[in-house]
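To keep things clear, I will list the structure first and then write my remarks on it.
The values are calculated or read from the model by the stated rules, or taken from the named source; none is laboratory data. Note that the structure is a prediction, hence the values are computed from the model and not measured. Because the Cβ atoms are built from the backbone with ideal geometry, glycine has one as well, and the counts that use them run over all protein chains shown. SASA here: full protein model, heavy atoms, side chains in, ligands and nucleic acids out. Shrake-Rupley method; radii C 1.70, N 1.55, O 1.52, S 1.80 Å.
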Amino acid sequence: MLIRPRQEILDAWEAIARLSAGGEWRWGGRGGRNSISDAEQLLCLLSPATKIPFLSLDDPDRTADDVAEALARFGSRLEIPQILVRALLDYLYTYAAPDGTPIFAGGGRFVVAADPTRPVTDQQRETEVVDSYAISVTLALAALRFVRALRPALTRDSLRRQADDLEARAQRRLTGAMVGLLRSFTVHAFPPDSEFGDRQLRRVGQDGRPRRVVADELRETRRTMHTRFLQEITIGPGAAESRALTHSEDLFECGWSWGVVDGAPRVGDSGGQRAGVAERAPYLYFTAIALEAIAELFSGRTQLPNLLDRHQVRLADALQLRYRLTHAFWARMATFGRGKRWPVEDVPWQTTDGLQFEYYSALVSGMFVQERVRQPAADADLTRIGDLFARLANRSRITERATTDDLAIVAAHHPGVREPLRGSEAHGEPQLAWTVSDIAPLLLVRTLRLAGHFDAGDTRDRVLDLSDQIWQHMRARRIENGEVRGLWDQPGPAFPEIPGLPWQSEVSWYHTRRMIDALISAGPVVSEPPRPSPELARTAAAMLIEADQMLHTEYYSGPGRRGSGLRDELDAIAAELKLARSVLSHTPGVAVAVAGEALMKLHKFSSARAAAEEAAGR
C-alpha cells in the first residue's frame, strides 16, 4: 500500500495545529462556523487520539515524541490536552441554549434548493438536521473517552472542575443526539401502484419476472423483517407505521430522514425536542451517516469503559434495533431477485423519489457490506462489491481521466449531489437542500474496510490497488499553499481537464475529517499480521522436507562428535528449521525464507563433502 497512516495523520495534525492554535482554539473554515463543521474540526484530532493507542493525547507521560512535535504549536505535552478540553467546552457551550439544552442546527451547511446562491435566512439556519445528531454522537463519545482517560493526570482543582463540566455537558449532548436520531427514523409505506412502488419494483425486479411476482416477494421480505425487527419498534416514529404494515399489502422502505420527521412523538422527558417537519421517508445519505454514528455506540471503546448511563443504554438499544433493521433491509434491496446482476450493480442507484447518482450506489453497497460480513461464505459476494467500487471510481472520474464539461465531476465532486430537504419549507421559507461531495473519501474508506475482510490473494490485492489509486487522487486534492496547506479539499489539481474549478484558500473540515477517517481505516490494514497463504504454506512444507533430508544426510556423513565446527553448524541449522516449522502455520513466508537459507547452507556442505570425496578417490 502507498498509504502511510501514521505519518499522514501527523502531517495533518501539524497543519491543524498551525491553523487552530493561537492562545486559545481558533475556529472556522470554509462556510463558517456551525455545529457540524466545528465538530469535524475537533474530531480530526480526537478520533485518531481516542482510536489509535500510539496517538493518544490523554497522558502527557505517554505522548509520543512525534505526536508532541506535530502538535507543538499548541504547547507542551501538558498543555495539549488542556487546550482540547477548553475547545470541547467552548463547542458544548456555543451549541447549547442558555439553560444548557443542546442545539443541533445545520447553520451554513444549508443552501436554498432552487437557488444555491440565495442566502439562507436566520430561521432556516436554526433547523436541526440528522448530520448534527450523528456527528454529535461521535464527538460526545470521543470527548467522554478522552476526558475519563485524562482525569488521573489532572492535579489542579480548576482542571478537575473543567473535566467535570465537560463530562456533564458531553453526556447531555449525547442524550439529545440519540433522541434526535430516534425521532428522525422512519418507516415509509406505499402501495405497489404508486410512484414510489413503481420505482422500487423496477429497481429490484431486473430478472424478467412478472411485476406481481416481484411485489409478492417484496411483501414476503416485509413479513420476514416484521417478524425479526418491525414488531419490536414500539417508541418514536415508525412504531405506528410498523403496526399498520402487519396486515397491509403495501411495500416499504426504512432509514433516516434529514431531520426529526413530521409528527414525531416525544421520546422520554429530555428537553429540547422540537416539533419535526422532515419528510417521513428515508434519505440514503442521512441513513448512512446515522448508521456510522450508531455503530460507535456499540464499539468496544464505548462499552468497555461503561460510557453510557441507564437512560442512554435504553436509547442505544432502541437505536440498535433500527440499525439492524436498516442494514438488513438495504442489503436485501441491494441483491434482490434471482438474476445474474444485482440491483446495486445497475449503476447508478435510483431512489424511490426518482433521484439517481453513483454516490447512492456507493452508500447502498457499503450498507450491504456491513450486513454481509457477519455471514459465512461471504467472499464471493464481497468480491462483486469490490468490482462495483472499481466501476464507481471510474464513473466518478477518480481513476479515469475526466473530459471538458464532464457532468460526472459536477455530480460527484463539485459542487456535488444536492438533495432537496422536503418539509423544510413548512414555515413558509424556500425549500432547503443539502450538498454532499465526498464520494472519493467514501470509496477510500469503503475499499480499505473491504480489503480487511479478504485473505491474502488476488482479490485483496485488487481492492488494495484501488485504494491506492483513490488515495493518489485525494493527495492531488490536498491544499498545498497558505496556512491550510496539508489539509483538504481542492479538486482543481485532480481534474486539470475541467476549467473553472475553484482553487480554495480555506479548509473544508467536511473533507478533511473524512480523510482522517480514511487514514484511521487504513491503520488496521497496513498493520495487521499477514494472513497465511495456503500456497506459501505448501511451498514451505515441501522445502522443510527437503531440508530435513539434506540435514540428516550431513549428520550421517559428517563428523559425529559434538564440539567440532561442522557439527555445531549443523546443530544451528537444525535450530533454524525448528523455528521455520514453528511459524509455518501463521507466517509461511517467514518459514520459506528460513528454510531457503538453511537449504543454501546445506547445499554448500553437501557440495564441499562431495568435492572432498572426489579428491580422496583420485
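Any residue at all in region 26-43 that's of a type in the set (F, W, Y) and open to solvent by less than 20 Å² (accessible area, probe 1.4 Å)? No - not one qualifying residue is present in region 26-43.
What number of residues within region 450-462 satisfy the criterion of being aliphatic (A, V, I, L, M) and either open to solvent by 60 Å² or more (accessible area, probe 1.4 Å) or within 16 Å of the chain's Cα centre (by Cα) (or both)? Give the derivation first.
First pass over region 450-462, keeping only residues aliphatic (A, V, I, L, M): 450-451, 456.
Now drop any that are not either open to solvent by 60 Å² or more (accessible area, probe 1.4 Å) or within 16 Å of the chain's Cα centre (by Cα) (or both), which leaves 450-451.
Final tally of qualifying residues: 2.
Name the residues in region 242-281 that are at positive phi and open to solvent by 10 Å² or more (accessible area, probe 1.4 Å), would you?
Pass one, region 242-281, residues at positive phi: 255, 263, 268, 272.
Passing the criteria: G263, G268, G272.
Residues in region 583-618 that are touching a residue at least 24 places away in the same chain (Cβ under 8 Å), in a helix (DSSP H, G or I) and either under 15 Å from A547 (Cα atoms) or among the aromatic types (F, W, Y) (or both): A591, V592, A595, G596, A598, L599, K601, L602, H603, F605, S606. Condition check: more than 26 Å from F368 (Cα to Cα) and part of a loop (DSSP other than H, G, I, E, B). Does Q273 satisfy that? Yes, satisfied.
Conditions (1) at pLDDT below 85; (2) open to solvent by 60 Å² or more (accessible area, probe 1.4 Å); (3) touching a helix residue (DSSP H, G or I) at 6+ places or on another chain (Cβ under 8 Å), marked per residue:
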| position | (1), (2), (3) |
| --- | --- |
| A537 | no, no, yes |
| M543 | no, no, yes |
| E546 | no, yes, yes |
| Q549 | no, yes, no |
| E569 | no, yes, yes |
| K578 | no, yes, no |
| L584 | no, no, yes |
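Do you know which residues across region 52-63 are open to solvent by 30 Å² or more (accessible area, probe 1.4 Å) and either in contact (Cβ under 8 Å) with a residue 60 or more places away in the chain or over 23 Å from A518 (Cβ atoms) (or both)? Don't jump to the end; show me each part of the working.
First pass over region 52-63, keeping only residues open to solvent by 30 Å² or more (accessible area, probe 1.4 Å): 53-54, 59, 61-62.
D59, D61, R62, listed by residue number.
How many residues are assigned to a loop (DSSP other than H, G, I, E, B) and either among the basic types (K, R) or surrounded by fewer than 17 Cβ atoms within 10 Å (Cβ to Cβ) (or both) when one looks only at region 483-505? Qualifying residue count for the region: 9.
In region 135-148, the residues that are more than 16 Å from S37 (Cβ to Cβ) and among the β-branched types (V, I, T) form no Cβ pair under 6 Å with any partner that is open to solvent by 10 Å² or more (accessible area, probe 1.4 Å) and not in a helix (DSSP H, G or I), whether six or more places apart or across chains.
So that you can scan it fast, the table gives a plain yes or no per residue for (1) in contact (Cβ under 8 Å) with a residue 24 or more places away in the chain; (2) of a type in the set (V, I, T); (3) assigned to a helix (DSSP H, G or I):
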{"site": "R212", "(1), (2), (3)": "no, no, yes"}
{"site": "R222", "(1), (2), (3)": "yes, no, yes"}
{"site": "M225", "(1), (2), (3)": "yes, no, yes"}
{"site": "F252", "(1), (2), (3)": "yes, no, no"}
{"site": "W258", "(1), (2), (3)": "yes, no, no"}
{"site": "G263", "(1), (2), (3)": "yes, no, no"}
{"site": "D269", "(1), (2), (3)": "no, no, no"}
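Test R148 against the criterion of being surrounded by fewer than 15 Cβ atoms within 10 Å (Cβ to Cβ) and of a type in the set (K, R), and give yes or no. So that I can check it myself, show each step before the final result.
On the way: surrounded by fewer than 15 Cβ atoms within 10 Å (Cβ to Cβ): no; of a type in the set (K, R): yes.
Considered against the rule, which asks whether it is surrounded by fewer than 15 Cβ atoms within 10 Å (Cβ to Cβ) and of a type in the set (K, R), R148 comes out as no.
Beta carbons closer than 7 Å, at least 6 apart along the sequence or on distinct chains, pair a first residue in region 405-417 that is outside any helix (DSSP H, G or I) with a second that is charged (D, E, K, R) for D406/R397.
Of all the residues in region 373-394, those that are surrounded by fewer than 19 Cβ atoms within 10 Å (Cβ to Cβ) and in contact with an Asp or Glu (Cβ under 6 Å, 6 or more places away or on another chain) number 1.
The set of residues in region 153-200 being open to solvent by less than 30 Å² (accessible area, probe 1.4 Å), β-branched (V, I, T) and out of contact with any Pro (no Cβ under 8 Å at 6 or more places or on another chain) consists of T175, V179.
What about R203, is it at pLDDT below 95, surrounded by 14 or more Cβ atoms within 10 Å (Cβ to Cβ), closer than 26 Å to L355 by Cβ and among the basic types (K, R)? Spell out how you get there, then give the answer.
Values: at pLDDT below 95: yes; surrounded by 14 or more Cβ atoms within 10 Å (Cβ to Cβ): yes; closer than 26 Å to L355 by Cβ: yes; among the basic types (K, R): yes.
It is true that R203 is at pLDDT below 95, surrounded by 14 or more Cβ atoms within 10 Å (Cβ to Cβ), closer than 26 Å to L355 by Cβ and among the basic types (K, R).
Every test in (1) modelled with pLDDT of 95 or more; (2) polar (S, T, N, Q); (3) farther than 22 Å from T335 by Cα is passed by S361 save one, and that test is (3).
Mind checking which helices (runs of 4 or more DSSP H) fall wholly inside region 282-359 and carry at least 1 residues that are among the polar types (S, T, N, Q) and open to solvent by 10 Å² or more (accessible area, probe 1.4 Å)? Walk me through it before giving the result.
On the way: elements: 284-297, 300-303, 310-334.
Helices (runs of 4 or more DSSP H) meeting the threshold: 300-303, 310-334.
Residue-level check: of (1) open to solvent by 50 Å² or more (accessible area, probe 1.4 Å); (2) modelled with pLDDT of 90 or more, R609 misses just (2). Yes or no: region 473-482 includes at least one residue that is among the hydrophobic types (A, V, I, L, M, F, W, C), under 23 Å from the mean Cα position of the chain (by Cα), modelled with pLDDT under 90 and crowded, with 17+ Cβ neighbours inside 10 Å. Checking region 473-482: not a single residue is among the hydrophobic types (A, V, I, L, M, F, W, C), under 23 Å from the mean Cα position of the chain (by Cα), modelled with pLDDT under 90 and crowded, with 17+ Cβ neighbours inside 10 Å.
Looking across region 422-465, the residues that are within 28 Å of P491 (Cβ to Cβ) and of a type in the set (S, T, Y) come down to S424, T435, S437, T447.
For Y133, the conditions (1) touching a Gly at 6+ places or on another chain (Cβ under 6 Å); (2) open to solvent by 10 Å² or more (accessible area, probe 1.4 Å); (3) farther than 20 Å from Q431 by Cα are fulfilled apart from (2). The single condition among (1) within 26 Å of I385 (Cα to Cα); (2) touching a residue at least 24 places away in the same chain (Cβ under 8 Å) that D458 does not meet is (2).
From the list D61, D90, D65, D122, pick out the single residue that is out of contact with any Gly (no Cβ under 6 Å at 6 or more places or on another chain) and within 30 Å of A264 (Cα to Cα). On inspection, the qualifying residue turns out to be D122. Mind checking whether some residue in region 251-260 is at pLDDT 90 or above and β-branched (V, I, T)? Checking region 251-260: at least one residue is at pLDDT 90 or above and β-branched (V, I, T).
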